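For reference, the structure is listed below as structure tokens.
The values are calculated or read from the model by the stated rules, or taken from the named source; none is laboratory data. Note that the coordinates shown come from a computational prediction; the quantities given were computed from them, not determined experimentally. Positions of Cβ are generated from backbone atoms using ideal geometry, with glycine treated the same way; all protein chains shown enter the neighbour counts. Only protein heavy atoms, including side chains, enter the accessible area calculation; ligands, DNA and RNA are left aside. Shrake-Rupley method; radii C 1.70, N 1.55, O 1.52, S 1.80 Å.
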Amino acid sequence: MAKLFERRLTPADSPLAVLATTSAAFLAAMLVAAFLFLSYDASPFQAYFALFHEPFATLRGFGYALVRASPLALIALGTIVSWRSGFSYLGFEGCFVIGAAAAGWLALWTAPGLPIGPIPFILFLPLAILGAFLAGGLWAGLVGLVRAGLGGNEVLISLMSNYVAIFVLQYLVSGPLRAPGSLPETRLFPRTTWLPFILPGTRAHAGILIAIIAAVLVWVLLKKMPLGYELIVTGFSPSAAKYAGIDVGRRLVLAAFFAGGLGGVAGLTEVLGSQHRLMDGISGGVGFVGVVVALLARLNPMAVIPTALLYGGMSVGADAMQRRASIPSSITFILQSLAVLLVLAFEALRYYKINFGFFRGAPPSVVEQVPK
């Protein structure tokens, strides 16, 4: 008897197949979300035009999309490193906050009259990136040590560590780093510590360039370096990695350190590129959204930048859609969630194909007639 879905002889792993299934999933999510627009007596075409026109057809909107994409891309890259190494880390919100605090502290200490004093930006930026990377890496590395040494559950521990990091930031901006006034925030950083703007007339800053460089480095690490091969083998099969002589525990800690470091640099791009001061609630849930971006990118480092740009652009376009089509911006979050769910569901099409002969009552294919 013919079946609707037939298993492929080999999985469809070509870039074109991955792009096709991802695009089909996203279009299916848009089709399902279009029915929500009808309850507001709005045209889906008008709503989607407003959603994508603002971030991708106007310079100002594109600049804001780049701003939103920078930290998302860096956290997604950290997710790829940790998850492909078998370390299910979900503490990027905490790494983001700790990295932002480290970069902000260094920026504050370069103000005139303080011990460090003003330093050239070309020297400050590498120091700030190194400080944020080490802060975030050590924060996540502690969870890696617990997992490798004591066998703890990294999912629960990393989730709880997010709240600890948030409380640390609240203490800093409400106590030793608080600027004179009533708001829990620091004073404005010196202008010499800000990330430079890269598009005239927009708020787009050099954070996106840092994210692009990080994407290339992560791709080189996982695809071209022996260490990356060992990390991936550890993620696929720890027992096989041990048999091959790989120190699984050390590789897990190293993966946690790299992932947390990228999350810390994401905090740097936000605090030095957009906010220019430390404040309570600076993360805004970006640590969790970055994980979603990694899933949409299929854990592929080279797909992270366009995926983060699309996701960030939709966040910018949601406000334009609300203004132009009178549709709540929350529908955008429904669309984004549907896209993630359908991307994961359409992953099955890489292993199964649709047998259109099923609807005609055709006999089973050659694959189905082969005895098991």
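Table for the structure above
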read-out: Residue match in the stretch 13-26 (condition: open to solvent by less than 100 Å² (accessible area, probe 1.4 Å), part of a loop (DSSP other than H, G, I, E, B) and either of a type in the set (D, E, K, R) or modelled with pLDDT of 75 or more (or both)); value: yes
read-out: Only listed residue being out of contact with any Gly (no Cβ under 8 Å at 6 or more places or on another chain), open to solvent by 10 Å² or more (accessible area, probe 1.4 Å), closer than 23 Å to residue 166 by Cβ and touching a residue at least 24 places away in the same chain (Cβ under 8 Å), chosen from 82, 88; value: 88
read-out: Selection within the stretch 152-175 - within 22 Å of residue 254 (Cβ to Cβ) and either open to solvent by 60 Å² or more (accessible area, probe 1.4 Å) or part of a helix (DSSP H, G or I) (or both); value: 153, 154, 155, 156, 157, 158, 159, 161, 162, 165
read-out: All helices (runs of 4 or more DSSP H) inside the stretch 217-271 with 3 or more residues being closer than 24 Å to residue 130 by Cα and open to solvent by 40 Å² or more (accessible area, probe 1.4 Å); value: 248-270
read-out: Candidates 127, 106, 90, 145 - the one that is part of a loop (DSSP other than H, G, I, E, B), of a type outside the set (Ser, Thr, Tyr) and at pLDDT 90 or above; value: 90
read-out: Residues of the stretch 96-117 that turn out to be in contact with a Ser or Thr (Cβ under 6 Å, 6 or more places away or on another chain) and either among the small types (Gly, Ala, Ser) or open to solvent by 60 Å² or more (accessible area, probe 1.4 Å) (or both), as a count; value: 2
read-out: Any hit, the stretch 245-259, residues being more than 23 Å from residue 81 (Cβ to Cβ) and in contact (Cβ under 8 Å) with a residue 40 or more places away in the chain; value: no
read-out: Sole exception among (1) under 26 Å from residue 124 (Cα atoms); (2) assigned to a loop (DSSP other than H, G, I, E, B); (3) open to solvent by 70 Å² or more (accessible area, probe 1.4 Å); (4) of a type in the set (A, V, I, L, M, F, W, C) for residue 195, by number; value: (3)
read-out: Within the stretch 293-302, considering residues that are assigned to a helix (DSSP H, G or I) and open to solvent by 30 Å² or more (accessible area, probe 1.4 Å), the one modelled with the lowest pLDDT; value: 295
read-out: Criterion (closer than 18 Å to residue 320 by Cα, buried (at least 18 other Cβ atoms within 10 Å of the Cβ) and at pLDDT 90 or above) met by exactly one of 47, 73, 65; value: 65
